[in-house]
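Structure record follows, encoded as structure tokens.
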Amino acid sequence: MTTEKRAATATPEALHRIFTIPEAPDSTLGRIEKEISENLAGFLGNHIAATERALTDIEKDFASSAIPEQPSFVSDHTHHLLDKLVSQSVHTSSPSFIGHMTSALPYFILPLSKLMVGLNQNLVKIETSKAFTPLERQVLGMMHRLVYQDSESFYQSWMHSANHSLGAFCSGGTIANLTALWVARNNLLKADGNFKGVAREGLFKALMHYGYQGLAILVSERGHYSLKKSADVLGIGQDSVIAIPTDENNKIDCQLLKEKCQALANKNIKVLSIIGVAGTTETGNVDPLNDMADIAQEFQCHFHVDAAWGGATLLSNKYRSLMHGIERADSVTIDAHKQMYVPMGAGLVVFKNPASVAAIEHHAEYILRKGSKDLGSHTLEGSRSGMAMLVYASLHIISRPGYEMLINHSIEKAHHFADLIDARADFELVTRPELCLLTYRYVPAQVQDALNTADENSQEDINALLDQLTKFIQKRQRENGISFVSRTRIEVAKYNGRKVLVFRVVLANPLTSKAILADILTEQLALAQESKTFLPQLLEMTQ
Ligand SMILES: *Cc1c(COP(=O)(O)O)cnc(C)c1O
């Protein structure tokens, strides 16, 4: 029997064969393995074609809800996957895909991921993850040290201590932020006298006991939407996440933050947490963390820093100071699957105080017993994969100076791109990069001149048309499939705080060259000329 026939009949023998390692891999799978291990970029380039099909068309390839009654040969199914799935996938690792935080991965990740999946360790408990549990604790220790720079003896005392945790590894920034706020909530509304704590008795009784009229979470208007989700899940309510206005550099206005804290205190609403953003998702700016730490101290509340995107900047000695004050945070979120080039599913939160996670401790009889070192007693998620291994491997293989080079290059490339935009008369830089993110739009020189002198009404008319033109160009560019930038809407001070549609660029792929950046602008310029309505109207309006 050939290996091709391994699974096409649902018999006990065939199924047994599926779970035993084949002597020779199935030919199609074998070919894919060989291709991706020898030339992943080539494989992706050959198989992912720019697809002009609309999403609703692609949905037709995934239309049946029936679970197959007939098994498939592995090779047949693999062909199906290549055809329908791979070929229509988004080429996130392409150097001209500069629109999102999901980018290229180092080549060694692929074989190591296979090792991780093969071992299939479950990090929830030691019984299924001996070796991986200490490894994950070490990774949390390394990331904690990156933020807080405590002493060697601090890490020797706490890194492997059963009743402490320097942090929690999780699937991403969303769960990391939720975990941080969960810890903050449970520590604030802890057991007290007859009251058994919010974890046991719930929010309503907790507020009654402590005599608060409500809780609030304060973050700049650039805060990530995961904070609202967290407030929702924790029973605090989305409306309790209060957006504080930002200054012209997209950083939280500390004066307004302080006034809000005072106003809430006067109404007996307790601030659960002040959250600083270190690298906003839309513009990449960093809040004045040190000043925010002062305010959190003054109002006695938890200070969390959402550094999901920007946290990796701490690996750069040159730019680390941009995060000044982060070491005063009670908790910090960092996504390894963003600027640390680890695949998705690698987020983490670290806590300044290794004892603070006791507030969310959970036990069960068959696992997570009291005093055990099971990681699951301090994580929201239960079963979890050994992703920490990929962070561990990357930190060793790339090393801190290697990461520093990557981070520095990204930031400096963003500055170069900003200069390029500034130098072109037909483009307007909207937000200057602090990290490796920037926003801009296409605005013909003549239109820029008109905008500068127009009254508020005509400014509005011009901007409304520009919004449509930006959207037109961005969609065309995506459909062309040569390059990709994303788009978002942000308030622009010089247009009286109007929300303007802009291109958003994230320059994290080390292979994105200066030539590619120049080409992207040239392509956008050409695409703009294809607009049969917006551009002609704009030019006519501003003659
Ligand atoms: C990406 C991001 C998040 C969410 O992280 P996920 O990994 O997507 O869950 C939260 N905050 C900021 C600032 C981010 O950039």
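FYI, it's all coordinate maths here, none of it is from the lab. Keep in mind that what you see is a predicted model, and the values were worked out from it rather than measured. Glycine gets a Cβ as well: all are built from the backbone with ideal geometry, and neighbour counts include every protein chain shown.
A few points about this structure:
- The coefficient of translational diffusion for segment 218-266, derived via Stokes-Einstein from the alpha carbon Kirkwood radius under 10 °C and 1.306 mPa s, stands at 140 µm²/s.
- This ranking places T78, T20, T488 by how few other beta-carbon atoms lie within 10 Å of each, fewest first, which gives T20, T488, T78.
- Fewest-first ranking of F154, F108, F351, F204, using other Cβ atoms within 10 Å as the exposure measure: F204, F108, F154, F351
- With viscosity 0.890 mPa s and temperature 25 °C, the Kirkwood radius over alpha carbon pairs of segment 8-54 converts through Stokes-Einstein to a diffusion coefficient of 185 µm²/s.
- Among G279, H160, N120 - extreme Cα towards positive end, dipole of the chain, charges at beta-carbon: H160
- Listed peptides 284-293, 210-219 appear in the order 284-293, 210-219 once ranked by packing, highest mean of other Cβ atoms within 10 Å at the front.
- Based on alpha-carbon atoms, the Kirkwood radius and the radius of gyration of segment 471-543 give Rg/Rh equal to 1.02.
- Percent of Cα pairs in segment 413-517 per distance bin of 5 Å, from zero to the largest separation: 2, 12, 21, 26, 20, 11, 5, 2, 0.
- Theoretical FRET efficiency, 1/(1+(r/R0)^6), r = Cβ-Cβ of Q262 and D519, R0 60 Å, to 0.05: 0.70
- Looking at segment 84-163, the trypsin sites (Lys or Arg not before Pro) that sit in a DSSP loop and have at most 13 other Cβ atoms within 10 Å of their own Cβ are K130.
- Taking every alpha-carbon pair in segment 141-279 and binning the separations at 10 Å intervals from zero gives 11, 33, 34, 21, 2 percent.
- Cα-centre dipole for segment 106-255 with unit charges at Cβ (Lys and Arg positive, Asp and Glu negative), debye to 20: 540 debye
- Placing +1 on the Cβ of every Lys and Arg and -1 on the Cβ of every Asp and Glu, with nothing else charged, gives segment 200-267 a dipole about its Cα centre of roughly 260 debye.
- Those lysines that a straight Cα-Cα span of less than 24 Å connects to K514, excepting residues fewer than 8 apart in one chain: K318, K338, K413, K475
- Farthest towards the positive end of the charge dipole of segment 494-534, among the residues L525, Y495, A508, is the Cα of Y495, using unit charges on the Cβ of Lys, Arg, Asp and Glu.
- In terms of surrounding Cβ atoms within a 10 Å radius of their Cβ, Y442, Y495, Y392 rank from fewest to most as Y495, Y392, Y442.
- Separation of segment 307-343 from segment 265-287 is 16 Å, based on Cα centroids.
- Tail fraction, Cα-Cα pairs, segment 22-136, threshold 26 Å, whole percent: 41 percent
- Selection from V332, S321, S383, by position along the positive dipole direction of segment 287-406 (Cβ): S383
- Considering only the chain, percent of DSSP beta bridges that pair antiparallel, nearest 5: 60 percent
- If you wrap segment 266-328 in the convex hull of its Cα atoms and look at it from every side, the mean projected area works out to 4.7 nm².
- Geometric descriptor of segment 230-319, per residue, is 114 Å³ (volume of the convex hull of the Cα atoms).
- Overall, the chain carries a charge dipole of about 1340 debye about its Cα centre when +1 sits on the Cβ of Lys and Arg and -1 on the Cβ of Asp and Glu, all other atoms neutral.
- Potential extension, N353-T11 segment - 0.36 nm per residue separation minus Cα distance: 117.6 nm
- Three principal axis extents of the chain based on alpha-carbon atoms, in descending order, are 77, 76, 47 Å.
- The chain: calculated mean residue ellipticity at 222 nm from DSSP helix runs of at least 4, using -39500 (n - 2.57): -13500 deg cm²/dmol
- Listed peptides 90-103, 369-382 appear in the order 90-103, 369-382 once ranked by packing, highest mean of other Cβ atoms within 10 Å at the front.
- Anchor K190: lysines whose Cα lies under 30 Å away (excluding residues fewer than 8 positions away in-chain): K125, K205, K228, K229, K258, K260, K267, K270, K352, K370, K373
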